[in-house]
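Student: One structure is given below, represented as C-alpha cells, and several questions about it will come after.
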Amino acid sequence: MKYELSDMLEAGKENAPPPRYSVDDAVAAGRKRQRRRTVLTGAGSAAVVVAVATAIAVPQIVTDKGPATQGNAAPAAASKAAAPAPFAYPADNFTGNITGFKSGDLTVTDTVHVTPGYQVAVVVYRKGVYDPKKIKTAEQVTVDGHAGYFQKSLPGKAPEGLKGKIPASAFDTPASLAWQYDDNAWAVVSVAARVKATQQEVAAIAAKVTAGAAKPVTVDFKLSYVPKGYELAAAGPSSVLNSPLEGESYVRLLKGDFPYRGLTAPAQDPFVVNDKQLPVVQLTLYPKWNGKYRSATTPSCPEPGLCYRTTDNGKYELELSGGGFLSDPEMIKMLNSVTFADPSDPGTWFKATDAV
Amino acid sequence: MAVSDREAEFRDFVTAQMEPLRGLAYLTCGDWQAAEDAVLTVLAKLYVKWRRVDNHASYARTAVVRAAIDETRRPWWRRERSQSHAMPDHPYPDDSTHAVDERLRVREALLQLPPRLRAVLTLRYLEGLSVHDTAEALRCPEGTVKSYTSRGLDALRQILGVEVFVNKELRREVRAV
C-alpha cells in the first residue's frame, strides 16, 4: 500500500468538531486587541518539549538513602535483577549512571534527571524510596528470577476542572513493569501508552538496564543568588521524562525537606509535606526558538511568576518559574545573577551542585 | 481605508480562511481546542495590522503554524504532558469501516511526529510552500526544513509500514493557487 502525503494531511484534519469561534468572534477579538495594542504580548508559548517519538519513561533504581544521609550515602545495593550487569546506585548526590540503549525501536536515554531519591532515564529508585502498592494490583511476573508486576497501559480521564482544557490522553496510564531488584529496592520501566508496547517489549527494556560510570549531572547555567532556604532538589537535561532539546538544562529548588520515601512515581509539583506545600522554584534553559515571549538579555517577567532572560547571543532562553512563592523582583534578582556556560558545548557546563 | 471597509475585507477573509487555518493549526499541534485558540489569536493580530500586511493569507498561515507550535509549549501543557508522555488528543468517531480505520491510522501516525516536524510537512505538502518559504515561516535554516522533511517522511513510513510518496505535480498546483 502507498500513501500520498498531501492526501494523508487532508485525511488528518477530517472529522473536525464544530468550530467554537465564529467570524464575529474573530472581529471582536481583533477590536479588543486593537484597544490594548500598546500592551502587546506574544501569542505563543513558553518553553518546551513535547514528548519524544519513542518516549520511554525511564526506570529508576533506589537505594536506602534518606534525605538526611544524602551527602555521603554508600553505593546502593546493586540491582542484579533484570540488568545484564549489576546496577549500583551512584554514591554521590546529583550523579547519574544509567547508560542509554536501544530495545527494538524504542530508545532509552542516558540519565536525564536526578533527584536525591532517584535518577531518570529509565527510572531507578534508591532503596526504600519506591512503594509498589499501586502496581501490586497488576499482573504478577518474574523478571530474571525476581518478583515483579506488569501493568498494561490504560486510557486516561481528565479530572473535573481540567476537562476540555487538557486532553484526556494526557492522563493515560503508561505500560509499566516494576521489579524488586534487591531487598526493598525497585526499578520501574514505563512506556508511554501511545507507544502500545507489549509486555514482552517492556520486559526486554528492563532486561537491558545497565549502570555505566557515575557522572555528575551538569547544567549550562549557574546562579550566584538564590533566595534564602532554597536548595537544589533536581537537575539534569530534562525536567522530568522528556527527551531534552539541544542545550536544555533544568534545575529545581525546594525550600524544605522532601522525603523521598513511599513514592509510586517520580515526584512532581506540588511537593506536599504534612499537608503543606513546599515552596518550589524551577529554571529551564532551552533554545530560544522554543520560547513564547519576547525576551532579552535583560530579565523580564511577561506573566506573574514567570520570568525570562536570554543568553548574550540570544540563542537560548532561561525560564524561571516562581511557583507563586517568589515576587517578580526577587526572580529578576536571581536571573541577574546567572552565568551561562556555552549551551552548545557540554564541556563548559557546570556541575549541578555548583550551579546554585 | 475606512474602518468599515477594513472590517468588511477582514470579515470576507475570515469567512474564507478560518476553516483552512483551523485545520492547519490542528495538524501542527494535534489538539482542536488549542488549534482554534491559536487561530483566533492570529486573526486578532491580523485585524490590528490589516493595512500593513501585504499578503494576508501568507501572514495568517505562517503565524498560525507558529502559534500552534507555541500552544504545545505552554508551561501547563509541558507539565501535564511530561508526566504522561501523552501526545495531543485526537478523538475518534465510533465507526469501524475500513476507510475510517485507515484515516485514523494516518492521523495517529501524523500525531506521533513532533509539532515542528509536522509543521514542516504540513506547510510544504498541504500548503505547498517551498523550502525557502517554509524556512522563513518557521524561522529556521533551509537545511533544517530539508532535514525535517526527510525525517518526517521516514518516520511516517516506519510508523505506518507503508510507502509514503510526494505528488510533486499536486504540490505545484497547490502553490499556484
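Any read-out appearing in this document is the output of simple, stated calculations on the displayed coordinates, not a laboratory observation. If you're wondering where the values come from, they're calculated on a predicted model, not measured in any experiment. Every residue, glycine as well, gets a Cβ built from its backbone with ideal geometry; the counts of neighbours run over all protein chains shown.
Student: Determine, for each peptide in B:105-118, B:151-164, A:206-219, the mean count of other beta carbons within 10 angstrom over its residues, then list the peptides with the highest first.
Tutor: Taking the mean over residues of other Cβ atoms within 10 Å, the ranking is B:105-118, A:206-219, B:151-164.
Student: What list of ³J(HN,Hα) values in whole Hz, one per residue of region B:22-39 in order, does the Karplus curve 6.51 cos²θ - 1.76 cosθ + 1.60 (θ = phi - 60°) give from phi, with Gly and Pro shown as x?
Tutor: Taking θ as phi minus 60°, the curve returns 5, x, 4, 5, 5, 4, 7, 9, x, 9, 4, 5, 4, 4, 5, 4, 4, 5 Hz for region B:22-39.
Student: Mind checking the mean number of beta-carbon atoms from other chains within 10 Å of the Cβ atoms in A:14-20?
Tutor: Across the residues of A:14-20, the mean count of other-chain Cβ atoms within 10 Å is 6.
Student: Determine the alpha carbon to alpha carbon distance for each of A:Lys288/B:Lys49; A:Lys222/A:Lys315; A:Lys255/A:Lys333 and list only those over 22 Å.
Tutor: A:Lys288/B:Lys49
Student: Once phi is turned into ³J(HN,Hα) by the Karplus curve 6.51 cos²θ - 1.76 cosθ + 1.60 with θ = phi - 60°, what whole-Hz value does each residue of region A:92-101 show in order, with x for glycine and proline?
Tutor: 8, 5, 6, 10, x, 8, 7, 9, x, 6
Student: Here is a further query. Give A:Lys134/A:Lys208; A:Lys136/A:Lys196; A:Lys136/A:Lys208; A:Lys134/A:Lys351; A:Lys228/A:Lys351 a once-over and call out the pairs whose C-alpha atoms are over 27 Å from each other.
Tutor: A:Lys134/A:Lys351
Student: Residue by residue through B:123-135, how many Cβ atoms from other chains fall within 10 Å of the Cβ on average?
Tutor: For peptide B:123-135, the averaged partner shielding equals 2.
Student: Right, next: Quick one: which residues, 5 or more positions from A:Asp110 or on another chain, have an amide H under 5 Å from its amide H? H modelled 1.01 Å from N in the peptide plane, none for Pro or chain starts.
Tutor: A:Gly100
Student: Right, here's the next one. Output the peptides A:251-258, B:126-133 sorted from most to least packed, where packing is the average of other Cβ atoms within 10 Å over each peptide's residues. Each step should come with its number before you reach the end.
Tutor: Details: A:251-258: 20.9, B:126-133: 18.5.
Packing order, densest peptide first, comes out as A:251-258, B:126-133.
Student: Per-residue HN-Hα couplings for region A:223-238, Karplus 6.51 cos²θ - 1.76 cosθ + 1.60 at θ = phi - 60°, whole Hz, x for Gly and Pro?
Tutor: 10, 9, 10, 10, x, 4, x, 7, 10, 4, 10, 6, 7, x, x, 10
Student: Can you list residues from other chains, or at least 5 along the same chain, whose modelled amide H is less than 5 Å from the amide H of A:Ala175?
Tutor: A:Ser153, A:Val191, A:Ala193
Student: If you don't mind, there's one more thing I want to ask. Inside 10 Å of the C-beta atoms of B:6-19, what's the mean count of C-beta atoms belonging to other chains?
Tutor: Counting Cβ atoms of other protein chains within 10 Å of each residue's Cβ and averaging gives 3.
Student: What are the residues whose amide H is under 5 Å from the amide H of A:Ala233, where those residues sit 5 or more places off or on another chain and H is modelled from the backbone?
Tutor: A:Arg252, A:Leu253, A:Leu254
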